[in-house]
Amino acid sequence: MNLKKKLGAVVVILGTRDTGKTELAYRLAEFLGKPTYAVSPEQRPHPDFIQRIKLEEVNELVKPNSTVIFDDLPVYASNRDYNEALVRELERMIPMCRHERRLHLIFSSQNAAQADKYILDCDMAFFKPLGLLYDDLERPNIRRIYKNEVDQHFEGKNDYWIVRHAFMWSRTYKGIIEIKKVTGKTDVPVEGEFVEVPIQPYESQEPIPRD
């Protein structure tokens, strides 16, 4: 998985509530094995290897060669409680993460319609089922991906299966992957985890379509 070898990257996880987006984000962070921080609008417990911080603390506390999880960032970054200067600073950090900042940024959201354009210029995306209302609000190209690629794999599956699987799209792989539970240890071997249950071999170098 080239993601681990990159100096920095942007990962996007899309899906409605209670489909395992946060669990996937934690597992990805565990896989990367770097100091990890999480920014979340909800007061939820994190694994011990993840440090919870506030949005306004990101630039101050997060050091290079780290992973940052933004849980439903598009929802609360647009909230009036956060000033525009803070949001603009965060937006500037996204395109710089691959080189100057050397950060792996993991964005989790219920839909991509609220997401910044830099977030959509991601290195890897994970798709889980969308909510009924969010489906109509989604960007046309994202809706097309769901219709042509994603939805068929989740039809008829129970909630447990949905939580433990996601549709992964990168430049070298496209298909369903299995998500193991977070162990809380960053030294466990999980190198092959994210391509364990391939549905379709994928050799194309085609990036994720943009609007």
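Every residue, every condition in (1) among the polar types (S, T, N, Q); (2) surrounded by fewer than 16 Cβ atoms within 10 Å (Cβ to Cβ); (3) at pLDDT 85 or above; (4) not in a helix (DSSP H, G or I), yes or no:
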position: Tyr146; (1), (2), (3), (4): no, no, yes, no
position: Glu149; (1), (2), (3), (4): no, no, yes, no
position: Gln152; (1), (2), (3), (4): yes, yes, yes, no
position: Trp161; (1), (2), (3), (4): no, yes, yes, no
position: Thr172; (1), (2), (3), (4): yes, yes, no, yes
position: Val182; (1), (2), (3), (4): no, no, no, yes
position: Lys185; (1), (2), (3), (4): no, yes, no, yes
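Take the residues of the stretch 49-80 that are among the small types (Gly, Ala, Ser) and at pLDDT below 90: which is nearest to the chain's Cα centre (by Cα)?
Taking the stretch 49-80 first, the residues among the small types (Gly, Ala, Ser) are 66, 77-78.
Checking the rest, the ones that are also at pLDDT below 90 come to 77-78.
On the way: Ala77: 16, Ser78: 18 Å.
It comes out as Ala77.
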### Task
Please go through the stretch 90-143 and pick out each residue that is under 28 Å from Lys5 (Cβ atoms), buried (at least 19 other Cβ atoms within 10 Å of the Cβ), modelled with pLDDT under 80 and within 14 Å of the chain's Cα centre (by Cα).
Ala112, Ala115, Ile119, Leu120
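The values are calculated or read from the model by the stated rules, or taken from the named source; none is laboratory data. For clarity, every value in this text was computed on a predicted model and none was experimentally measured. Because the Cβ atoms are built from the backbone with ideal geometry, glycine has one as well, and the counts that use them run over all protein chains shown.
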